Amino acid sequence: MTSTAAAPTALALAERYQREGGDESVYAIQQEADPEGAPLLILRTTQSESENSLFEKQRDSVVSYLREFEQLSTAKGYRMEVFGRDGSLLHRWDARP
């Protein structure tokens, strides 16, 4: 389990994402640097259950938004972790080559 609290920058990024039509259940998006150049994206969602098809939509939507509007480079891949409303890990994705 992890905290459900999110940094103000993560909340602001999620608000920008939502303004562009992003999933409203994603309330925080945090980007962390990886020493190898593949970013770690940490999403916090109001959902409480893991559903693969929903995760795939969120994943594609968030990554597309970040590439287009936030200059995210995925040249070296990326990792993503999605946490539910209670702080539990719902999904972990590794898209590094």
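Checking the condition buried (at least 17 other Cβ atoms within 10 Å of the Cβ) and either in a helix (DSSP H, G or I) or at pLDDT below 95 (or both), which residue from Ala5, Ala14 passes?
On the way: Ala5 fails: buried (at least 17 other Cβ atoms within 10 Å of the Cβ).
Exactly one residue qualifies, and that residue is Ala14.
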Could you tell me whether Glu36 is open to solvent by 70 Å² or more (accessible area, probe 1.4 Å), modelled with pLDDT under 95 and either in contact with a Phe, Trp or Tyr (Cβ under 9 Å, 6 or more places away or on another chain) or part of a helix (DSSP H, G or I) (or both)?
no
Kindly indicate whether Gly21 is open to solvent by 30 Å² or more (accessible area, probe 1.4 Å), of a type outside the set (Asp, Glu) and modelled with pLDDT under 95.
no
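Got at least one residue in segment 53-65 being at positive phi, free of Cβ contacts under 8 Å to residues at least 12 places away in the same chain and exposed (fewer than 12 other Cβ atoms within 10 Å of the Cβ)? Give the steps one after another, and end with the answer.
Narrowing segment 53-65 to residues at positive phi: none.
No, that holds for no residue.
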Residue check: is Ser48 more than 13 Å from the chain's Cα centre (by Cα) and open to solvent by 30 Å² or more (accessible area, probe 1.4 Å)?
yes
With the requirement that a residue be over 21 Å from Glu15 (Cα atoms) and assigned to a loop (DSSP other than H, G, I, E, B), what does segment 61-96 give you?
Thr74, Ala75, Lys76, Gly77, Tyr78, Ser88, Ala95, Arg96
Ser88 vs. criteria surrounded by 13 or more Cβ atoms within 10 Å (Cβ to Cβ), free of Cβ contacts under 8 Å to residues at least 12 places away in the same chain and more than 14 Å from Gln30 (Cβ to Cβ)
no
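The values are calculated or read from the model by the stated rules, or taken from the named source; none is laboratory data. None of the values given here were measured: they were computed from a predicted structure. We place every Cβ from the backbone using ideal geometry, glycine too, and count neighbours over all the protein chains shown. Only protein heavy atoms, including side chains, enter the accessible area calculation; ligands, DNA and RNA are left aside. Shrake-Rupley method; radii C 1.70, N 1.55, O 1.52, S 1.80 Å.
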